[in-house]
Amino acid sequence: MGKKKKQKQELSAAQIAAQAQAMEEAEIQKAFEQGITTLRDLISPSSIEIHSDYFRLGTKYGRTLYVYGYPRSLYTGWLSPLINIDEVLDVSMYIYPVDTTIVMKNLQKKVTQLEASINVNTEKGKVRDPELEAAIGDAEELRDQLQVGAEKFFRFGLYVTLWADSLEELGFVQRKIETLFGQQMVFSKVASSQQEQGMNSVMPQCTDQLLIRRNMDTGAISTSFPFTSADLTQEKGILYGINMHNNGLVIFDRFSLENANMVVFAKSGAGKSFTVKLEALRSMMVGAEVLIIDPENEYQRLCDAVGGSYIRLSLNSDVRINPFDLPKVIDAEDANDALRANLVTLHGLFRLMLGGAQQASAGAPAAPALTPNEEADLDQALIDTYARAGITSDALTHQSTPPTIANLYDTLLHMGGTGPNLAQRLRKYTTGTFAGIFSQQSNIDINNQMVVFNIRDLEDELRPVAMYIVLSHIWNVVRAQQKRRLLIVDEAWQLMKYDDSANFLFSLAKRARKYYLGLTTITQDVEDFMSSKMGRAIVANSSMQILLKQSSSAVDVLSDVFKLTSEEKKRLSNFPVGQGLFFAGQNHVHIQVIASETEESLITTNPVQQQDQQGQ
């Protein structure tokens, strides 16, 4: 009896232990299931409502459309407007291959029916039906292609789900989509009373519950390739930023376009200098030389970091640039025209020096700087000044030491007519206030991968003259030896205020490609720049444009010039710093300019960041 009682007690203890383990496992399983349920709740919408022509997931409204009609032929990229539209939508495609044998049999029946219809119409004396004849031709052509294996046959379903925050917005988006489709003779409908099936068909589950399909051959299917978002990625070039349409990289070579010129428009602080400096730095990595006219001392850090030449132009500096320098051109045709071309350039310069800049700086109305008689006397004086230095139209004489403004002053002073009067007006550049900087022989040598001309310390009246002379000097260097070069003109509006300097900048833009030069024009005064005839011409002769954040008044001007959509126009005044529209030829994308930490430390113009870096 004692043994049996002991065994019962042991058995009871084992059962209790088993029950305790079972309860523990049950609690673990319950806790796991609760955790799974909680995770599902986190990633799921709070509610779902299905209506006949829309559905609602949480706070978002959705509507699914299906495409039921297509034109007789589709062109490559016909889906691009839909893929790139600035709306939130999901696109789903279903492609079902069909056995060629079945298709051939069905085509045979169809051709027979069509031919019978034509015969009946002929017997009844009806006018021929071009639609029937075209259908027979298409069917016969498809049969031939299928027979030799050049084509295959598919069934194609295309569904689009639109998303919005309200029913009104959903209707607006639907009309935009239907308009896009209608322009290409593609017809769509709302999946009435099938919104749940439509939603499931577009979800990434690969379940086609709508089953609305259209027969297509290989060629038609290939035109529907979905990855047609605006893309500006090339095999070579430099990285400009991130394509905000598809998160792709905008890698582009500006020299691959019909010209390598670029204009950059942005309001102050929008990132235009940052963008251009980043392009300059990366262009140097692929072997390009960079020449910069810097009116605000923004490029010195970058120039010093890459070992470039930083040339500071001021009345107190030792730098000298002689506007009478002639290019050391190699091309025989250019050599013969070098003197004549430089005479034309000098005419524009002296019109600027003898009246144009002073009038504009004083707020006076625009007026010719020189009278016709003064123009004629100046032309003769320039020719005589070169001749006294032994330089004529003969290219062999161009190696002689060129004259200076001081020599021109002497020539004008001792000639008749208006010469003495012109000499008096020119005297401040020879022995007066502005003497020295442009009245002596050049002592600079542009022989570095980056050269920056700083004109910040020049007086306002002298700035446009300095920019003109520097541009002329750079142009002579560019013509002497063709290399892959970028010429960056910051604050170009200062040149556009005067007709002669604007014309000169435009002539550079027109002729730059011949000498493997890419001109970059930067400005924040968009209205002034675009109100100038030459300003618009420079934009027309620039194959690349970057539009960053703009002031409200500039948006209308740029929208008219660049034919922006209403959405692009709206965004242009609201872009964050570093974002904008990137135009290259006929293509343009929404771009985010990005830089590495090292690049940003070299090129930032943010005073706070510069102080932080200096503190570190």
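Any read-out appearing in this document is the output of simple, stated calculations on the displayed coordinates, not a laboratory observation. This one's a predicted model, so the numbers in the text were calculated from it and none came from an experiment. So basically every Cβ, Gly included, is an ideal-geometry build from the backbone, and we count neighbours across all protein chains shown.
Over the chain, what is the relative contact order in percent, taking alpha-carbon pairs closer than 8 angstrom and at least six residues apart?
Relative contact order of the chain: 17 percent.
Over the chain, dividing the summed -39,500 (n - 2.57) contributions of all DSSP H runs of at least 4 residues by the number of residues returns a 222 nm mean residue ellipticity of -14000 deg cm²/dmol. Beyond 26 Å in Cα-Cα separation lie the following of the pairs 176/570; 189/563; 328/514; 176/272: 189/563; 176/272. Of the peptides 97-103, 342-348, 403-409, the order by per-residue mean of other Cβ atoms within 10 Å, starting with the highest, comes out as 403-409, 342-348, 97-103. Between residue 528 and residue 315, the simple label model (points 7 Å from Cα in the Cβ direction) yields a spacing of 2.2 nm.
In segment 460-615, Cα pairs under 8 Å separated by at least six residues give a relative contact order of 16 percent.
From the alpha carbon centroid of segment 169-210 to that of segment 427-448 is 70 Å. Protection proxy ranking, highest mean first, for peptides 375-387, 312-324: 375-387, 312-324, where packing is the per-residue count of other beta-carbon atoms within 10 Å, averaged. Against the chain, whose longest principal axis comes from its Cα atoms, helix 463-480 is set at around 80 degrees. Compute the acute angle (0 to 90°) between the alpha-carbon long axis of helix 100-123 and the principal axis of greatest extent of the alpha-carbon atoms of the chain; round to the nearest 10°. On a 0 to 90 degree scale, this one is about 80.
Rounded to the nearest 20, the size of the Cβ-charge dipole of segment 48-222 about its Cα centre is 360 debye, with Lys and Arg at +1 and Asp and Glu at -1.
Between segment 469-515 and segment 79-126, how far is it from one alpha carbon centroid to the other, in angstrom? Comparing the Cα centres of segment 469-515 and segment 79-126, I get a distance of 58 Å. Placing unit charges on each Cβ (+1 for Lys and Arg, -1 for Asp and Glu) gives segment 183-298 a dipole about its Cα centre, and among 221, 280, 201 the Cα reaching farthest toward its positive end belongs to 201. By the Stokes-Einstein formula, at 1.002 mPa s and 20 °C, segment 356-498 with its Kirkwood radius over alpha-carbon pairs has D equal to 124 µm²/s. Find the eigenvalues of the gyration tensor of the Cα atoms of segment 48-222, then list the square roots of 5 times those eigenvalues as equivalent ellipsoid semi-axes, largest first, in whole angstrom. Largest first, segment 48-222 gives 37, 18, 15 Å.
If the viscosity is 1.567 mPa s and the temperature 4 °C, what Stokes-Einstein diffusion coefficient in µm²/s follows for segment 463-522 when Rh is the Kirkwood radius over Cα pairs?
On the way: Rh = 11.6 Å.
The diffusion coefficient I find is 112 µm²/s.
For the pairs 267/569; 428/533; 497/569, flag any whose C-alpha to C-alpha distance is greater than 24 Å. Violating the 24 Å Cα-Cα cut-off are 428/533; 497/569. Projected onto planes of every orientation and averaged, the convex hull of the alpha-carbon atoms in the chain covers 53.1 nm².
Annotation for residue 387 and residue 503: the two label points, set 7 Å from Cα along the Cα-Cβ direction, are 2.4 nm apart. Helix 2-43 and the longest principal axis of the C-alpha atoms of the chain enclose an angle of approximately 40°.
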